[in-house]
Amino acid sequence: MRMLVTGTASAMVAIAAVSGLVGCSSTPGNTSATTSAQTVGMDASWAEAYNNLGDLKAHSAVAVRGSFTRVIGQSSIKTIPVTDFEFTVEQVVHDPGNIVAVGAKLTVRQTGGLVDGVLHQTDDDPLFKVSEQAVLFLKQPEPGLFYVIGGPSGRFEVANDKVTPFAPGGVKFTGTTAEFAAAVRNS
């Protein structure tokens, strides 16, 4: 069941109030957006959070398994830093619109980034790491650009062929990548 937490506007206000940023520099090609001596946590209230695979599937454009291969760049939306990551698709888990394929390189945008040598990231949804493997439930707000739905509830870690939820209050699942794909298919 989908849980409404608070409005997206309140998340943006909370992030802007905490960060108080002026601008972000672009860092295309960097291998990591998280190499910083100092980290500033940002609070966010997620407009939607998901606690079952059926709702995640119903509200996403695609679900894919793969890995983050590089940082494409960093910018800001108003005063909120964002980082664009390249995500290489190794398995398409859910794609009713046939918009991605195995081997595709997707641009996944996430709130947070380096500003003047300081890392700004959401406390419960830290920035992705290059080489991190994950299953992501994604929306596509514009062609070629994706974001994870529900913040950390649409993000799953993959290690040694095991899938586990990133968000402690999200979907309850632990199993292999094949078991996860079957669970999504059957949800």
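A single entry from Val62, Val89 fulfils the requirement of being touching a residue at least 24 places away in the same chain (Cβ under 8 Å) and under 12 Å from Val184 (Cα atoms): Val62. Which one of these is modelled with pLDDT under 95 and over 13 Å from the mean Cα position of the chain (by Cα): Thr79, Thr111? When all the criteria are applied, what remains is Thr79. Collect the residues in segment 64-79 that are in a strand (DSSP E or B) and touching a Leu at 6+ places or on another chain (Cβ under 7 Å), keeping them in residue-number order. Hits for segment 64-79 are Val64, Gln74, Ser76. Among the criteria (1) in contact (Cβ under 8 Å) with a residue 40 or more places away in the chain; (2) open to solvent by 10 Å² or more (accessible area, probe 1.4 Å), the one Thr122 does not fulfil is (2). Figure legend. Inter-residue proximity from segment 158-187: first residues part of a helix (DSSP H, G or I), second residues among the acidic types (Asp, Glu), beta-carbon distance below 6 Å, spacing 6+ or different chains. Indicated pairs: Thr177/Asp161. Could you please let me know if Asp84 is among the charged types (D, E, K, R), under 11 Å from the mean Cα position of the chain (by Cα), buried (at least 20 other Cβ atoms within 10 Å of the Cβ) and within 22 Å of Val171 (Cβ to Cβ)? Considered against the rule, which asks whether it is among the charged types (D, E, K, R), under 11 Å from the mean Cα position of the chain (by Cα), buried (at least 20 other Cβ atoms within 10 Å of the Cβ) and within 22 Å of Val171 (Cβ to Cβ), Asp84 comes out as no. Each residue in segment 50-63 was checked for being open to solvent by 20 Å² or more (accessible area, probe 1.4 Å) and either in contact with a Gly (Cβ under 7 Å, 6 or more places away or on another chain) or in a strand (DSSP E or B) (or both), and 2 of them qualify. Out of all the residues in segment 147-155, is one or more open to solvent by 40 Å² or more (accessible area, probe 1.4 Å) and not aromatic (Phe, Trp, Tyr)? Scanning segment 147-155, I find no residue that is open to solvent by 40 Å² or more (accessible area, probe 1.4 Å) and not aromatic (Phe, Trp, Tyr), so the answer is no. Suppose the filter is open to solvent by 10 Å² or more (accessible area, probe 1.4 Å) and under 22 Å from His59 (Cβ atoms); does Val158 pass it? Considered against the rule, which asks whether it is open to solvent by 10 Å² or more (accessible area, probe 1.4 Å) and under 22 Å from His59 (Cβ atoms), Val158 comes out as yes.
The values are calculated or read from the model by the stated rules, or taken from the named source; none is laboratory data. All figures in this text were calculated on a predicted structure; none of them were measured in a lab. Cβ coordinates were reconstructed from backbone atoms using ideal geometry, including for glycine residues, and neighbour counts include every protein chain displayed. For the accessible areas, the whole protein counts, side chains as well, though only heavy atoms, and no ligand, DNA or RNA atoms are used. Shrake-Rupley method; radii C 1.70, N 1.55, O 1.52, S 1.80 Å.
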